[in-house]
Each structure stands twice: as structure tokens, then as C-alpha cells.
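Right, one structure below, let's go through it.
The values are calculated or read from the model by the stated rules, or taken from the named source; none is laboratory data. These numbers come from a predicted model, not from an experiment. Positions of Cβ are backbone-derived with ideal geometry, glycine not excepted, and every protein chain shown enters the neighbour counts.
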């Protein structure tokens, strides 16, 4: 009967440990990558839902107040559209409040000072506030939010001639890890979403 030297077993254990230590960072990166993918997907769904809900809220308020809507010469004309913008912004802020970077403040009034960035435009040819300026207590986001820029055509209507509300959101998603050391900047991802809701008066 031949007995194997005991040092061979120790060598195998050492080799296994070295291989595990070499593979551990790759496994951790894969695990965090999968987790980040799930998180960014969830954030995208929340932002999409928030923009839709905000556009719908403003459109319904626009329709509800049709009988009392002031004329352009009325002193309350701009304030009326300001209220629509405020309502849409507040709904977007409330819907996005579960997100990690959301800067939700219960107020009153409800505000999101930085995230999500919110812009609103009522496309009825009259809204004087479609200038890519957020309402008080909100922001238009940094330069990375490319859709949050001036140049909205407030005179546009839908193909059937109905007015509609457009809401643009931008949200900064922060990943669990960044790879700046190896030349990849995965620290922040800017999610943008635009939603429209037609004011259909049946």
C-alpha cells in the first residue's frame, strides 16, 4: 500500500484558495451588476409611471376647469397655467418619492428640490410657461439631462387638434459600484422620460 505525501493535500487546498481569491472580485462584480440592473429597471418603471401620472393629472385638471379658464387678457391667466404646472410637478414628485435619490419634501407644498427634475407644458397654443423653466421648488436637472432643454413648441397639438399635456422627468440613478479606476464611469446614470396626455373633451 502506497501512502501519498501529506504536502500534496496542502498544495491542493492552497491552490483552491488562490483560485477562489482570484475569482471573488469577478463574482462580486457580476452579483452587483445583476443587482444594479434590477434597480435601474425598477427606477425606470417608476419614472415612466410618474411622468404618465403627472401628465394625466394636469390634463384632467385642465379639462375640469374648462368653464373657468381665463382669457389671455385676464390677470389670472398666467396663474391658471402655473397651477396646472404645480399640480403636474407635485404628482410626479409624489410618485417618484420611493426612489433612493429623490429629494421629496412633504411640504406643504409638496416639492422635489433636485430629483426628479420636472418640466411641464400644456400644448394648447396659450400656455405662457412652456419655456423649460421648472416651477418653484423643482429643478430642470444638470446638463446630463439632455431632454430638459428650452425649445418646446407650445403651439403643437395632437393630430386631431386636441390640446395635450407634456411632462418631462429626469432622475439620477446611482449604481452600487463605480469602476472609475479601470476607466469606466458607472457611478451615475441619468434616466429621462417624456409622457403626454391628450385632453379629449368627449
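General remarks:
- Odd one out for residue 93, checked against (1) closer than 23 Å to residue 41 by Cα; (2) free of Cβ contacts under 8 Å to residues at least 60 places away in the same chain; (3) surrounded by fewer than 23 Cβ atoms within 10 Å (Cβ to Cβ): (3)
- Among the residues here, residue 42 qualifies as over 27 Å from residue 131 (Cα atoms), in a helix (DSSP H, G or I) and modelled with pLDDT of 90 or more.
- Single residue of 146, 125, 161, 107 found to be part of a loop (DSSP other than H, G, I, E, B), in contact with a strand residue (DSSP E or B) (Cβ under 9 Å, 6 or more places away or on another chain) and modelled with pLDDT under 95: 146
- Residue match in the stretch 69-90 (condition: under 13 Å from the mean Cα position of the chain (by Cα) and in contact (Cβ under 8 Å) with a residue 12 or more places away in the chain): yes
- Residue 135 vs. criteria at pLDDT 95 or above and buried (at least 18 other Cβ atoms within 10 Å of the Cβ): no
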